[in-house]
There are 2 protein chains.
Amino acid sequence: MVLKAMKENNSENDYSVPIGVSARHVHLTQEHVEVLFGKGYELTKKKELMGGQYASNELVTIVGYKLRAMENVRILGPVRKMSQVEISKTDAIKLGIKAPIKESGDIKGSAPISIVGPKGAVYLEEGCIVAKRHIHMAPTDAKAAGVVNGQVVSVKADNERGTTFNHVTIRVDASYTLEMHIDTDEANAAGIATGDTAIIIK
Amino acid sequence: MVLKAMKENNSENDYSVPIGVSARHVHLTQEHVEVLFGKGYELTKKKELMGGQYASNELVTIVGYKLRAMENVRILGPVRKMSQVEISKTDAIKLGIKAPIKESGDIKGSAPISIVGPKGAVYLEEGCIVAKRHIHMAPTDAKAAGVVNGQVVSVKADNERGTTFNHVTIRVDASYTLEMHIDTDEANAAGIATGDTAIIIK
């Protein structure tokens with residue numbers, strides 16, 4: 001069926017995808033929320049994001065193993081099964097740490113990081129990554145674009161700078177809203193802001 | 001006997017005391033050293049200080065409840081029974097926290113603070129103080145100066161600025177080296193550097 005969908009969309013060369021730029025942020029387990037903000041504390045919503053996520057009102061300070069700190073990093077809700085810190089390569093350089101480029105959720109072998117809240121602190125032995133760019137889409141989008149979950153594509157942003165991002169992973173899930181996620185370094189390097197669009201080229 | 005010593009020294013109005021200026025620093029329990037630096041870790045000596053204390057090579061980053069961080073704060077060894085952070089009022093303002101003026105060791109009701117090391121983080125529910133100025137002395141010094149443990153005196157620093165510090169507590173212990181301890185704010189306000197002297201006036 002997927003192959004059939006791919007064939008049907010074979011002539012579709014210009015599938016446009018809106019881009020969302022992710023600033024540095026933290027995902028937390030409920031347990032860690034309570035360590036950082038107090039027993040029974042729950043994250044509060046500041047702004048809805050794509051795919052059921054939200055920017056919370058709560059902030060933390062992150063500290064790397066060279067003891068350099070980055071203050072007021074936003075937490076994204078809802079809580080997850082694993083705590084994770086996503087930073088840009090520029091942030092990693094400022095913190096003096098080696099954060100590998102990884103898909104969200106794949107924190108094995110990633111950098112250690114401390115997360116400090118107003119009521120406590122936690123140390124993650126691993127959990128700090130630079131997020132690998134990817135495209136979220138629902139199965140209907142995947143069908144329309146002629147791609148499948150896990151497929152690696154290139155994405156062309158045609159603006160003043162003009163950049164093609166290669167090695168972009170497609171991630172398909174019924175809960176996903178169509179959006180390509182890049183970080184602030186990628187956005188700045190390519191002259192892209194949230195809401196700009198790019199074209200999937202295969 | 002103490003009263004006799006005091007009487008004998010009654011005519012002694014000019015008892016000179018060397019001053020030691022304390023920069024912000026942290027005291028840690030061995031347990032906390034191991035949380036911050038790894039299991040079995042021991043502090044290493046960088047520089048001997050008065051009274052058997054030393055500046056360690058190890059540094060930490062401290063973070064207050066407003067999430068503001070201060071990087072590379074020196075640990076003083078040896079380890080103690082209680083962890084404690086001593087900062088200046090200027091530091092407290094920078095961190096956005098209310099640290100009370102307290103004698104070292106008297107941390108009840110003091111400010112919460114997070115301490116982050118390269119291998120972990122600890123949160124002290126209380127433990128951050130602005131150190132109350134005091135004079136350390138051995139019993140022989142106390143006798144010579146005509147003062148007793150716990151006595152509160154004034155100390156006059158006669159230099160370009162010219163300052164008299166009131167409410168200075170005398171702390172007498174056989175292990176103490178004669179020195180008045182003030183923090184960087186007090187030193188800067190009074191134009192004093194470590195090694196300068198001041199006079200006890202009663």
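By the scheme Lys and Arg +1, Asp and Glu -1, what is the net charge of all other residues having a beta-carbon under 11 Å from that of residue B:69?
Summing Lys/Arg as +1 and Asp/Glu as -1 gives +2.
Using a cut-off of 10 Å between beta-carbons, work out the net charge of the residues near residue B:90 (Lys and Arg +1, Asp and Glu -1, residue B:90 not included).
Net charge in that neighbourhood comes out at 0.
Let me test this: with uniform point scatterers at the alpha carbons of the range B:126-202, what is the Debye-based log₁₀ I(q)/I(0) at q = 0.12, 0.15, 0.19, 0.21 1/Å?
-0.33, -0.51, -0.80, -0.95
For chain B, give the magnitude of the charge dipole about the Cα centre (Cβ charges: +1 Lys/Arg, -1 Asp/Glu; no others), in debye to the nearest 20.
Around 380 debye, computed over chain B.
If you take all C-alpha pairs in the protein assembly as shown, what percent of them are over 41 Å apart?
Tail of P(r) above 41 Å: 35 percent of Cα pairs.
Excluding ligands, DNA and RNA, what is the accessible area buried between chains A and B, summed over both sides, using a 1.4 Å probe, to the nearest 100 Å²?
So the total buried area for this chain pair works out to about 1500 Å².
If you take every residue apart from residue A:49 with its C-beta less than 15 Å away from the C-beta of residue A:49, what net charge results, scoring Lys and Arg +1 and Asp and Glu -1?
+1
First compute the accessible area of the range A:22-131 with a 1.4 Å probe, then give the percent of it belonging to carbon and sulfur atoms.
Summing carbon and sulfur atoms, their accessible area is 52 percent of the total for the range A:22-131.
Mind grabbing the accessible area of residue B:94 for me, 1.4 Å probe, Å², rounded to tens?
120
Give me the orientation-averaged projected area of the Cα convex hull of the range B:22-131, in nm², one decimal.
Mean shadow area of the hull around the Cα atoms is 6.1 nm².
If I build a Gaussian network model for chain B, linking alpha-carbon pairs within less than 10 angstrom, which residue out of B:189, B:23, B:157 has the largest mean-square fluctuation?
Between B:189, B:23, B:157, it is B:189 that shows the largest mean-square fluctuation.
Which value, in Å to one decimal place, does the Kirkwood hydrodynamic radius take for chain A when every pair of different Cα atoms is included?
Hydrodynamic radius (Kirkwood, Cα only) of chain A equals 17.8 Å.
At 1.4 Å probe size, with every protein chain present, just tell me what the per residue accessible area of the protein assembly as shown comes to in Å².
Value returned for the protein assembly as shown: 49 Å² of accessible area per residue.
Determine the dipole magnitude for the range A:93-155: charges of +1 sit on the beta-carbon of Lys and Arg, -1 on that of Asp and Glu, nothing else is charged, the reference point is the Cα centre, and the result goes in debye to the nearest 20.
I would put it at about 160 debye.
Can you tell me the dipole magnitude for the range B:22-131 around its Cα centre, using point charges on the Cβ only (Lys, Arg +1; Asp, Glu -1), in Debye to the nearest 20?
So the magnitude is around 260 debye.
Under a 10 Å cutoff between Cα atoms, tell me which one of B:48, B:58, B:126 has the largest fluctuation in the Gaussian network model of chain B.
Fluctuation is largest for B:48.
The values are calculated or read from the model by the stated rules, or taken from the named source; none is laboratory data. This structure is a prediction, so every number in the text was calculated from the model and none was measured. Counting neighbours? That spans all protein chains shown, and the Cβs are built from the backbone with ideal geometry, glycine included. All accessible areas refer to the heavy atoms of the entire protein, side chains included, with ligands and DNA or RNA removed. Shrake-Rupley method; radii C 1.70, N 1.55, O 1.52, S 1.80 Å.
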